[in-house]
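The values are calculated or read from the model by the stated rules, or taken from the named source; none is laboratory data. The structure presented is a predicted model; accordingly, all values stated were derived computationally and were not measured. Cβ coordinates were reconstructed from backbone atoms using ideal geometry, including for glycine residues, and neighbour counts include every protein chain displayed.
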Amino acid sequence: MPTNAKTKAKTAAARKTKTKIQRTRSEGMNAVELLKHDHREVEEYFEEYEDLEGGAGKAELSAKICQALKVHTQIEEEIFYPAAREATGDDDLLDEAVVEHAGAKRLIEEIESMEIGDDLYDAKIRVLREQIKHHVKEEEEELFPEVERSDMDLKALGKELEDRKMELMSGTGAARR
């Protein structure tokens, strides 16, 4: 793959971000920091996807997008949302977040059942990106500030989220009920 200034800049930025994240992880992220980190990671994946031309790269990146979103929605629904619901009592905002997750999950299932180059594949990735962008905006501008004002132990919750995320990423984590 040819290297250009844009690619070099993205690679350097990714290395910088990765180093910062590794340093932060060793110190332990609180729940909001961890979820925001996930948001930035998926945003980067979507941006990279838009820049790609080849099918193999798109297939790999769309798989990363779908996997990251499935894990993220699962840890939010299993751990973060119940704790946030208890701490804030904001049922409306959290109910809406769950419905947004359901819509994203349906779209992810459709994308995963398709092949690169199928009609509407790229369109579905773009629509997923827009849905996630809207969802992230609401979480970061409304839910997270509410949670930060509550008496939740965000540090302990962050550890629990990170542990569950690692479990799911390694493939050893079955769904909790």
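Quick notes
- Scan of the stretch 153-170 for residues that are over 17 Å from Lys36 (Cα atoms) and surrounded by 18 or more Cβ atoms within 10 Å (Cβ to Cβ), ordered by number: Leu168
- Filter pass, Leu128 being more than 16 Å from Leu34 (Cβ to Cβ) and either at pLDDT 95 or above or crowded, with 19+ Cβ neighbours inside 10 Å (or both): yes
- Unmet criterion (only one of (1) over 23 Å from Glu130 (Cβ atoms); (2) surrounded by fewer than 17 Cβ atoms within 10 Å (Cβ to Cβ)) for Ala59: (1)
- Taken residue by residue, the stretch 58-69 has no member that is in contact (Cβ under 8 Å) with a residue 60 or more places away in the chain and in contact with a Ser or Thr (Cβ under 9 Å, 6 or more places away or on another chain).
- Criterion (among the small types (Gly, Ala, Ser) and in contact with a Leu (Cβ under 7 Å, 6 or more places away or on another chain)) met by exactly one of Ala84, Ala68, Ala63, Ala56: Ala84
- The test for being part of a helix (DSSP H, G or I), at pLDDT 95 or above and touching an Asp or Glu at 6+ places or on another chain (Cβ under 6 Å) does not hold for His39.
- Checklist (1) free of Cβ contacts under 8 Å to residues at least 60 places away in the same chain; (2) surrounded by 13 or more Cβ atoms within 10 Å (Cβ to Cβ); (3) out of contact with any His (no Cβ under 7 Å at 6 or more places or on another chain); (4) not aliphatic (A, V, I, L, M) applied to Asp51, failing item: (2)
- Residue tally, condition within 28 Å of Ser62 (Cβ to Cβ) and hydroxyl-bearing (Ser, Thr, Tyr), over the stretch 74-112: 1
- Selection of the stretch 58-92 for residues being part of a helix (DSSP H, G or I) and over 26 Å from Tyr45 (Cβ atoms) yields Pro82, Ala83, Arg85, Glu86, Ala87, Thr88, Asp91, Asp92.
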